[in-house]
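Every number here is computed from the coordinates shown, using simple stated rules; none is lab data. Note that the structure is predicted; figures quoted are calculated from it, not measured. Positions of Cβ are backbone-derived with ideal geometry, glycine not excepted, and every protein chain shown enters the neighbour counts.
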Amino acid sequence: MPGVEGFIYPNELELQWSVLIVLYPFITGLVAGAFILASLERVFNVQAVKPTYRLALLTALAFLLVAPLPLQLHLGHPERSLEMYLTPHTQSAMAMFGFVYLWYLMVVLVLEIWLDYRRDIVLKWRASTGFARLLYGAMALWSDNISESALKLDDRLGRALTVIGIPSAFLLHGYVGFIFGSIKANPWWSTPLMPIVFLFSAIVSGIACILLLYFVTCWLRRVPVDMPCVDTIAKYLYYAFLVDFSLEMLDLIHRLYEADESFRALDFMVKTRLFTSQIVLQIILGTLVPLVLLGLSQLVTFREKTRRALYVLAGSLTLMGIFAMRWNVVIGGQLFSKSFLGYTTYKMEFATREGLLPAIVLMILPFVILGVLIRLLPPWGHGEGDRGTHAQG
Amino acid sequence: MKPRASDYVHLVRMAGLFAVGITAFLVLRWLMVPADFGELGHYRTGAVPDNMARPIVYAGQAVCVECHADVAELRARGKHVRVACESCHGALAAHASNPDGQKPVRPDPRRTCISCHSANISKPKSFPQVVPEEHAPEGSCAACHAVHNPKIS
Amino acid sequence: MDQDRRTFLGQTGKLLVLTASAAIAWEHVLAGRPEEAPNYRATDHWWGMAVDIEKCIGCGTCVRACKTENDVPHEAFTFRTWVERYVVDPADYEHPKVESPNGGYDGFHEREVRDPNLKMFYVPKLCNHCAHSPCVQVCPVGATFESQDGVVLVDKSYCLGCRYCVQACPYGCRFIDPRTHTVDKCSLCYHRITKGLTTACCETCPTGARVLADLKDKNDPIHAFLREHKVQVLKPQMATGSKMYYNGLDGSVR
């Protein structure tokens with residue numbers, strides 16, 4: 001058999017989960033991470049990251065809208081996916097996806113964004129004509145009360161939502177980790193650390209993503225980058241990354257030390273088929289290098305220009321590293337046989353339903369949605385700095 | 001400043017939207033969940049008869065013997081006593097349903113015999129095996145062995 | 001001779017039991033009314049299988065019969081049952097050489113140099129119809145389930161094709177049917193066993209290496225089999241409640 005080494009069970013010849021399922025935890029991770037960064041400002045009142053607050057919320061929404069698409073594309077019968085809502089199996093981690101997703105989308109993100117933007121929406125409704133007027137009117141639910149007391153009410157409710165939102169974000173991504181971590185048949189996945197590793201890597205990827213997006217939007221808008229803001233974000237990125245890295249190392253050392261029956265198979269896999277994606281891309285380039293860069297920026301005071309370049313580099317490497325991590329979990333977990341006696345290969349197709357092309361399209365799509373959202377609901381204020389409206393109260 | 005009733009209008013409308021959404025979901029669920037779902041467990045009860053409804057392809061030993069008692073008797077005296085008819089003759093439900101119309105193909109004795117009795121180091125040692133090329137380079141096994149009672153007396 | 005006398009399930013007796021009910025069942029099958037199969041009450045049965053590795057000759061008849069009976073696609077990665085050949089070097093017990101060319105469909109024909117130091121045997125595999133199935137646990141919609149008589153079944157008209165169950169099965173027993181894009185696996189010939197017949201693999205196994213068992217039937221020879229042999233299930237550490245009982249299962253088998 002081409003691509004097969006040693007013995008695999010006959011039915012294992014076909015890899016079940018493709019690159020699309022790699023995208024799924026990557027995208028939901030970005031959602032959870034972006035939201036948690038936004039919550040920092042709201043709940044913990046970190047004023048420095050305020051310029052990214054609304055951008056983070058819109059990014060989370062854009063990615064969340066795309067998150068179910070790779071799953072949907074991958075299903076053998078996409079038309080039956082509604083069954084997840086109709087007859088969810090309470091013992092199945094996957095069945096809860098629909099509900100966790102809807103909760104997060106509707107109750108947390110949409111409501112929070114709506115409350116935060118309501119004043120802007122009403123103002124735009126008043127100022128616009130034609131179709132735009134209809135759209136903004138509908139978004140305001142045809143209620144134009146933006147009196148101070150009404151906005152104060154919105155702000156209180158929004159704060160409460162964020163407080164609910166943080167555990168929801170934890171739930172969203174922790175549960176994605178549980179989908180993998182609860183499969184006892186697969187030793188590469190089966191660890192109680194999986195949800196928490198997923199969660200912290202999600203926070204890391206979300207923060208890195210917003211950092212980069214902030215740089216890009218500043219560049220596109222030709223406004224200066226708010227240095228205290230990016231310095232603070234970089235600091236959070238560094239500390240979140242340290243926790244994430246420690247957890248992953250704990251997992252690795254634990255496996256190395258316990259060396260159970262699956263160890264030889266996994267060890268071999270990491271040293272051969274996963275060497276590039278795991279050792280080189282994930283651990284060295286995607287974790288150690290950005291950690292050193294970020295750590296250095298905490299110790300040494302570089303010039304602004306150097307710092308910006310350093311952050312962009314560290315953020316990009318981080319995103320690549322987290323993507324490699326998702327790849328190594330999802331694809332890596334399927335490259336060895338459950339007999340531990342052999343290995344198979346993942347051959348990525350290109351222009352097929354589960355190929356590289358749809359994966360690329362699905363990775364571009366959130367940015368298109370984000371562009372539309374930004375046009376609809378500009379995250380930056382009206383020339384008076386990047387202050388969200390709710391802070392006035 | 002104390003909020004007035006009018007300050008709640010948009011919130012009430014949003015809550016209304018959510019209520020409509022949740023109601024729509026419940027109605028949809030009520031309409032779309034199969035009626036027999038969840039009676040015996042978390043599945044469609046109808047899936048059980050669905051699994052039972054597949055056509056039978058191998059008729060089963062008992063049905064063959066009903067007509068071919070003579071062969072069964074012959075076989076009963078030899079070492080193939082516990083080898084079912086369809087092990088060698090293949091699936092015969094079509095023949096059992098229509099004994100005259102669906103005549104089964106007679107198995108090629110040599111190929112059929114070899115599929116079990118060709119020597120292999122991995123087979124249990126007590127199992128009778130030969131190297132076909134040495135034991136009988138050519139011709140049919142049936143020339144010497146009666147297939148239903150293979151012992152040469 | 002001696003081995004014949006020790007035939008592990010007294011199969012002749014089993015056949016006699018089957019005859020009467022099978023004859024009635026056959027009439028219904030012929031009439032196209034399988035639902036009228038004679039008085040089958042799921043709660044009266046608890047199905048499993050006895051597999052005797054010491055009897056398996058690796059002929060692949062079970063694999064072929066299964067594909068025919070259940071219309072399993074003839075792909076190299078779609079098997080409801082398959083046979084593996086183990087070659088174990090006692091000096092390197094943990095790393096057996098295993099092969100299963102085309103799932104053992106065509107049997108095992110190679111003749112290699114006899115090495116008296118090696119231990120070799122065949123292992124037939126199929127769905128273990130676990131009492132605590134990981135696959136049933138993870139199915140998000142209830143498209144796979146354990147029937148009242150202990151058979152793990154698939155509802156093909158309900159399966160999403162998400163493949164989570166394939167990931168969750170420790171034994172590699174599940175696959176996606178490329179024609180229907182839904183999951184498929186051994187149904188323990190549910191359409192047969194509910195009508196008094198045995199499974200296609202057990203029916204055609206020439207050596208009686210696999211025998212269907214009803215664990216709720218007090219007269220089923222399985223009870224003597226379990227009592228008199230040192231039996232083992234596959235991957236007991238997975239605690240899946242497997243009901244495939246293997247006699248002579250070597251510790252090297254995964």
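Numerical summary
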quantity: Radius of gyration and Dmax over the Cα atoms of the protein assembly as shown, both given in Å; calculated: 32.3, 112
quantity: Those chymotrypsin sites (Phe, Trp or Tyr not before Pro) in the range C:92-133 that DSSP places in a loop and that have at most 12 other beta carbons within 10 Å; calculated: C:TYR93
quantity: Mean Cβ count within 10 Å, highest first, over the residues of peptides A:161-170, C:145-154; calculated: C:145-154, A:161-170
quantity: Inter-chain shielding of C:188-196 (mean C-beta neighbours from other protein chains, 10 Å cut-off); calculated: 4
quantity: Within chain B, longest stretch clear of exposed trypsin sites (Lys or Arg not before Pro) (DSSP loop, no more than 13 other Cβ within 10 Å); calculated: B:5-76
quantity: Mean-position separation - Cα centroids, the range B:77-100 and the range B:126-145, in angstrom; calculated: 22
quantity: Degrees between helix A:227-258 axis and first principal axis of chain A (Cα, 0 to 90, nearest 10); calculated: 20
quantity: Relative contact order of the range A:177-335, pairs being alpha-carbon contacts under 8 Å that are 6 or more residues apart, as %; calculated: 29
quantity: Cα-based convex hull volume of chain B per residue, rounded to whole Å³; calculated: 301
quantity: Rounded to 5, percent antiparallel among DSSP beta bridges of the protein assembly as shown; calculated: 85
quantity: Helix-only mean residue ellipticity at 222 nm for chain A, each DSSP H run of n ≥ 4 adding -39500 (n - 2.57), per residue, nearest 500; calculated: -21500 deg cm²/dmol
quantity: Helix-only CD estimate at 222 nm, as mean residue ellipticity for chain B, using -39500 (n - 2.57) per DSSP H run (n ≥ 4); calculated: -12000 deg cm²/dmol
quantity: Number of partner chain Cβ atoms within 10 Å, mean per residue of A:89-99; calculated: 5
quantity: Over the range B:61-143, relative contact order from alpha-carbon pairs under 8 Å, at least 6 apart, %; calculated: 20
quantity: Summed residue charge, Cβ within 14 Å of A:MET94's Cβ, Lys/Arg positive, Asp/Glu negative; calculated: +1
quantity: DSSP-loop GluC sites (Glu not before Pro) across the range B:108-153, with at most 15 other Cβ within 10 angstrom; calculated: B:GLU138
quantity: Surface/4 of the Cα convex hull for the range B:61-143, nm²; calculated: 6.6
quantity: Kirkwood-type radius of chain A, with distances r between different C-alpha atoms, in Å; calculated: 22.3
quantity: Degrees separating the helix B:9-32 axis from the principal Cα axis of chain B, which is the longest one; calculated: 30
quantity: The range C:46-84 versus the range A:253-292: alpha-carbon centroid distance in Å; calculated: 37
quantity: Distant-in-sequence amide H partners of B:ARG44 (H built 1.01 Å from N, under 5 Å); calculated: B:GLY38
quantity: Under 12 Å, Cβ to Cβ, from B:VAL57 - net charge with Lys/Arg +1 and Asp/Glu -1; calculated: 0
quantity: Chain A, relative contact order in percent, only Cα pairs under 8 angstrom and at least six apart counted; calculated: 30
quantity: Cα centroid separation, the range C:194-234 to the range A:312-371 (Å); calculated: 45
quantity: Nearest-ten-degree value, helix A:130-139 long axis tilted from longest Cα axis of chain A; calculated: 70
quantity: Neighbourhood charge, 14 Å Cβ-Cβ cut-off, centred on A:SER205 and excluding it, Lys, Arg +1 and Asp, Glu -1; calculated: -1
quantity: Lys, Arg +1 and Asp, Glu -1 on Cβ, resulting dipole of the range A:154-261 about Cα centre, debye, nearest 20; calculated: 420
quantity: Rg [Å, one decimal], Dmax [Å, integer] - the range A:1-147, C-alpha atoms; calculated: 21.0, 72
